[in-house]
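The next block holds one structure in the form of C-alpha cells; read it before the comments.
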Amino acid sequence: MAVLLLVPQAFALDGRVQIHDPSTVIQCDNKYYVYGTGLPCLTSDDGWNWRQGTSPGEGRGGGLAPDVIHIGDRYFFYYATGAAQPKAEVRLLSNKTLESDSPDYKWEDGGIVASSDGFEDCNAIDPGVFLDPTDDRLWLTYGSYFGYIRLVELDPKTGKRLHPGHAPYNIAINCEASDMIYHDGWYYLLADHGSCCQGANSGYNIRVGRARKVTGPFLDNMGIDMIQGGGKLFAGSGGRVVGLGHFGLINLGDGVQFFSCHYEADLDRGGASVLDIRPLLWKDGWPVAGENFKAGTYQIESARTGTALELAVEGVPVGGGGRGRRGGGGGFMGGGFGGPGRTNRPARGSGGGGMFAGRGGVIPPQDASQVSTNWPDGNIEVRLANYMDQAQQKWTISAVTNAGGYLGSPYFKITVAETDRTLAATDDGELITHPAFAGDAKQIWCIEQLTDGTWRVMPKSSTGADKSGNGLALSAIGSSSATLEKFNPESDRQRWVFNSP
Amino acid sequence: MTTFLKFLNLALVIASGVGSFALAADTNFGPTLASPKSVEARPDAEGFIQRWILLEPIGVNGLTDSAVQKEVKMEYFANQFSIVPQDGETVSIGGANHIWHAVDTTEYNVNLYHFARSLGKPTSNVLFWGVTVVNCPEEMPGVRLAIGSNAASVWWVNGREAVGIYGDRQTVIDDGVSKRITLKKGPNIIRCAVVNGGGAADFCARFLDADDKPIRAFTVSAGNADK
C-alpha cells in the first residue's frame, strides 16, 4: 500500500500544469483534456493530477489559444493562426475522440470559420465556442485587444461557419480570450482585461457582462456596455498567483460548476504560467470565482439544520458548566421528583452578580487533549448537535498525497482536531469514525464548493469513476443525525458550511 | 380496577383545582389524547404514529448522554425491553404501582405533559416508557425511524437500539434519525424511553423511506384496544 503523507500546502493542481491560454477543460472517455497556445495537450484522469497529452497541432505549425466543444459524436476544436496579427484566422479541426490511443483518433481539417484582414477593427484570435442550451444554436466569439470581440454563428452538425456572408456581431471591445455561458435566463460574456504575457507583471483579469440575447448588449453591473469597455470583475490576481485569464466553464450539473483558467505567473512555481480549476459560484445573478478547499481546522455546519457535525460523545461545557435549565425542575408547573431546574431564578439588575455574570477572565478554546480521556477507544459514531465551542465538533481537514483528487483539488482526510480519529464511510452508506487514519478510500473525502458557496462532501469510495458526482454525499437527515445519501441539488440536506472555530 | 384507577385519577385532578383541561369522560389524558376506539390505527398524513401505550412516569434525574443511557438501561420491571404491554397492566417499580395506558393522539406528537398531569403524576425529572406495534404488510428494508422529543430519548426497534438524542431539548420533527433499518413483515415493536427535566414533555415518531418520504403503508396497534 502506498504511504500517504499530508500535503503541507495545496498548490493549484498537481503534476504537469504549465500552459498558456488554455481551452475549456473537456471530458472524453473519463479523462480530462485541455489545450493551450502552441496546441500542447494536458490530460488528467481525475482533474487534479495532470500530465502531457498528445497535441493536435503536430504538422500544423502550432496554433493560438484554442477552444474545444463536444457535440454529438464529434469534438470541434477551434484555434487561431496569425503570424502577422491583426491579420489572423480561426480554424476548425474535428475528431471523434480526444484519446490518441483510440483507432478513431483522427483530426479532420474543417477550414477557416472566421478571419480578420489586418485592417479591420478585429484580430481574429482567441476563439470561444458556445452552444446555446435554449435552442442548441452554436456560436463563436473571437477577437483580441485590437478592436472588437465578434460573434458568428456555427453549424452544430459540422462545426463550420453558418451564413458566411453575414457580417459578424460586434459584442465587446478591447479585451480578449472571450467566452460565453448561459445561466438562468441570461447570456454572460466573459473576457480578459489587462496585460497579457508579462509573467509576474501581468495584469490579466476576467471581466463579465450579461445580456438577455446572445447578441448582446452585454452590460456590466454598472450598466456599462462591454462594447464601450465595461465589464464587472469576475476574477483577478490574488495571493501567490498573478494574472488570471482564459475562462472556460466546466458544468458537472446538479449545482456543481467549475471554471478553468490560467495564471500568467504562479510564484510558487517559479513564475510559470499554469492551469487552474476553481469552483464557479453565483451571487445575485453574477458569476463569482470560488476557491478550492483549503486545509485547516473547521466546524462543519449543516446548511439544513444549523447544527454541527460532531463525534457522538458527551460534550464537556467550555468553562466548566452551564447555568441550570429553562423550563423548571421540581415544583415547576406540575411538580416533579426533584432535581436541578429553574427553581431559583437569579436576581436581575444586580450589575455583576448572579448566574449570568460569567466566570471572569478569558475562557480558552477547548481542545481534545482536555476532554478526550473519556472518549471510547474503538469506532465512535457521529451525529449533529447544537453548535458549540467543544472539542468533539472541531475537525482538521488535511490534503492527502498519493490518493489522487478531483477537479481542482486533492482528496482530504477529516480527523477530529488534535487526534488521528478519522471520519469514514461505512459499507452500508452510513458514517463512523475510526481511531486512526489508514488511507482507505472510505476515509478520504472530496470537498467541492457548490454554486451557492456551500460545500458538498463525498467519500472517495462513492464519487464514481465517471466523475458524475452521483455518489453519496454527507447528508443531514435530521437536526441531530447525519448519514450518506445520494446528492440532491434541490435540497439543503447535503450542503455544508465550514467555519473556523 | 383499571377503569376505577383512571376515574380516581381524573377525580383527583379535578378535585385538586389545578386541572385546566376540559376532560370529558372518554378523554382522560388531556385535550390531545384519548383512549383508542379501534383495534388498529394508521399513521397520519405525514406518517406520524399516533397510537402508543405509555407507562406512568418514573422518577429519574439527568439529561446528559451518560445519565440518560444509565437511566434507560436500568431494569425497572421484568422484560423491560421485550414486553408489549396491555392497556391497564400494572408494573411495580420501587414499591409503587405504575399503569400502562393506551392512547391515541390527535396531533403529530404525543403530549406526555398532558398524559402525566391528567393522571396526577409528576411531569419533571421523569422517565416515560412508550411502546407501539407497527404491522407491515411486507418487509421494508432501508427505512429510518425519525423521532423528536422533549427532552432526551432513546428508541429501540425490535429490541435493537436505533437512535438516541440527549440533553435538554424541544421536540423537533425528525430531530434524531436512525441508520437504515429493515422493518419485517408483520409486527415490529417500537419502544421509547423519554426523559424529561422540567416543563413540557412530548415526542413524535415516524418512519422515512430511502427518499426521506414518510411511510404510511402499515397499521399500528398498541394496548389491544377494544380487546
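Every number in this text was worked out from the coordinates using simple rules, so none of it is lab data. Source: prediction; values computed, not measured. So basically every Cβ, Gly included, is an ideal-geometry build from the backbone, and we count neighbours across all protein chains shown.
Computed packing ranks the peptides B:144-151, A:276-283, A:192-199 as B:144-151, A:276-283, A:192-199, most packed first, by mean other Cβ atoms within 10 Å.
Counts of other chain beta carbons within 10 angstrom of each beta carbon in peptide B:112-122 average 2. Put simply, the C-alpha atoms of region A:150-270 give a gyration tensor, and the ellipsoid matching it has half-axes of 26, 17, 16 Å, longest first.
The simple Förster model, with R0 at 45 Å and r as the Cβ-Cβ distance, assigns B:S66 and B:V39 a FRET efficiency of 0.65.
Go through B:K70/B:K185; A:K394/B:K179; A:K486/B:K179; B:K184/B:K213 and tell me which ones have a Cα-Cα distance over 21 Å in this structure. Exceeds cut-off: B:K70/B:K185; A:K394/B:K179.
When the pairs A:K157/A:K460; A:K31/A:K413; A:K31/A:K283; A:K294/A:K442; A:K31/A:K232; A:K213/A:K283 are compared against a 28 Å limit on Cα-Cα distance, A:K157/A:K460; A:K31/A:K283; A:K31/A:K232 fall above it. Once the C-beta distance of A:K31 and A:H166 is scaled by a Förster radius of 41 Å, the resulting FRET efficiency is 0.65 to the nearest 0.05. Between A:D492 and B:Q86, what FRET efficiency comes out of the Förster formula 1/(1 + (r/R0)^6) with R0 = 41 Å and r the beta carbon distance, rounded to 0.05? Between B:Q86 and A:D492 the formula returns 0.40.
The mean sequence separation of alpha-carbon pairs under 8 Å and at least six residues apart, normalised by the residue count of chain A, gives a relative contact order of 12 percent.
In sequence order, region A:117-133 has phi-based couplings of 8, x, 10, 5, 7, 6, 10, 7, 10, 6, x, x, 9, 9, 9, 6, x Hz under the Karplus curve 6.51 cos²θ - 1.76 cosθ + 1.60, θ = phi - 60°, and Gly or Pro positions carry x.
Taking 7 Å steps out from each Cα toward its Cβ at A:N251 and A:D452 produces label points 1.9 nm apart. Cut-off 12 Å, label point 7 angstrom out along Cα-to-Cβ of A:T373: give me the residues of region B:42-69 whose amide nitrogen falls inside. From region B:42-69, the list is empty.
Over all orientations, region B:167-227 has a Cα convex hull whose mean projected area works out to 6.1 square nanometres.
Note on A:479-488: average number of Cβ atoms from other chains within 10 Å of each residue's Cβ is 5.
For region B:48-162, take N as its residue count and report Rg(C-alpha) divided by 2.2 N^0.38 Å.
Values: Rg = 14.4 Å, N = 115, 2.2 N^0.38 = 13.4 Å.
For region B:48-162, the normalised Cα radius of gyration is 1.08.
The chymotrypsin sites (Phe, Trp or Tyr not before Pro) of region B:61-100 that DSSP puts in a loop, and whose beta carbon has at most 16 other beta carbons within 10 Å, are B:F77, B:F81.
When +1 charges are put on Lys and Arg Cβ atoms and -1 charges on Asp and Glu Cβ atoms, the dipole computed for chain A relative to its Cα centre reaches about 1760 debye.
The overall shape of region A:201-250, judged from the alpha-carbon gyration tensor, is prolate: a/c is not under 1.5, and a/b is greater than b/c.
Here region A:57-95 and region B:42-62 have alpha carbon centers that stand 70 Å from each other.
Once Rg and the Kirkwood radius are both taken over the C-alpha atoms of the protein assembly as shown, their ratio Rg/Rh works out to 1.11.
Judged by a Cβ-Cβ distance under 4.7 Å, the unpaired cysteines of the protein assembly as shown are A:C28, A:C41, A:C122, A:C175, A:C261, A:C446, B:C136, B:C192, B:C204.
Extension gain, A:D117 to A:R269, is 50.9 nm, computed as 0.36 nm per intervening residue step minus the present C-alpha separation.
Other protein chain C-beta atoms within 10 Å of residue C-beta, averaged over B:160-166: 3. Taking amide H as placed 1.01 Å from N in the peptide plane, the amide H of B:F218 sits under 5 Å from none that are at least 5 places away or on another chain. Here, region B:25-221 is characterised by an Rg to Rh ratio of 0.93, where Rg is the alpha-carbon radius of gyration and Rh the Kirkwood radius. A convex hull fitted to the Cα coordinates of region A:411-459 yields 80 cubic angstrom per residue. The angle separating the long axis of helix B:2-16 from the principal Cα axis of greatest extent in chain B is about 60 degrees.
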